[in-house]
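Data block below; observations after.
The values are calculated or read from the model by the stated rules, or taken from the named source; none is laboratory data. The structure displayed is predicted, hence computed values, not measured ones. Every residue, glycine among them, receives a Cβ derived from its backbone with ideal geometry; neighbour counts consider all protein chains shown. Quick note on the areas: whole protein, heavy atoms, side chains included, nothing else; ligands and nucleic acids left out. Shrake-Rupley method; radii C 1.70, N 1.55, O 1.52, S 1.80 Å.
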Amino acid sequence: MPVAAMFAFIQTALLLVGWMFGNIFAGLAGKVAHVIGFLLLLYVGGSMLVEGIRGDSEVRNLSGLKNVIIGGVATSIDALAVGAAQSMAGVEWTGLVPLLVSVAAVTALSVVAGLFGGSVVGRKAGRWAEIAGGIVLVCIGVGVLF
């Protein structure tokens, strides 16, 4: 599943970048990460909400590279802060590797489960599932601000 691999890559990469920049990046990441997460989740959730309300019957290509990258970054901003926290806590490379591997594996499995589960729910609930999903993402985005 290329989508799962992309999400796993983005999540793991942001964790690694946060760890590499550590103390330098932690202050900046803490200040802007919540705003970036909010804006990305607002964009993705708002798009789902609008499309669900319009009731477009066309099949959407949610696996387009742009959508996958936006979704991956939106759901992985916190990994940047976790990586910075690991660096500030003095975690060495050898201690970080198991975390990187587990984050990649759990993210990939979660995305696969979400894609299959979303497909089942989408067939049964249709546009109402898209509307509900959009509302949930917007609410999560608002929660990220506080």
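Where the accessible area of the chain is counted over protein heavy atoms with a 1.4 Å probe, how much of it, in %, is carbon and sulfur? It is 74 percent, rounded to a whole number.
Evaluated at q = 0.09, 0.10 Å⁻¹, the base-10 log of the normalised Debye intensity for the chain, with identical point scatterers placed on the Cα atoms, takes the values -0.31, -0.38. Under a model in which nothing but the beta-carbon of Lys, Arg (+1) and Asp, Glu (-1) is charged, the chain shows a dipole of about 240 debye around its Cα centre. Quick check on the chain: helices-only [θ] at 222 nm, where DSSP H runs of length 4 and up contribute -39,500 (n - 2.57) each and the sum goes over total residues. Nearest 500, please. So the helix-based figure for the chain works out to -31000 deg cm²/dmol. Ordering V101, M6, G90 by Cα displacement along the dipole of the chain toward the positive end leaves M6 in first place; charges were set at the Cβ atoms of Lys, Arg (+1) and Asp, Glu (-1). Heavy atoms of the protein chains alone define the surface here; on that basis the chain has 59 Å² accessible area per residue at 1.4 Å probe size.
The residue among A81, C139, F21 whose Cα reaches farthest toward the positive pole of the charge dipole of the chain, with charges on the beta-carbon of Lys, Arg, Asp and Glu, is C139.
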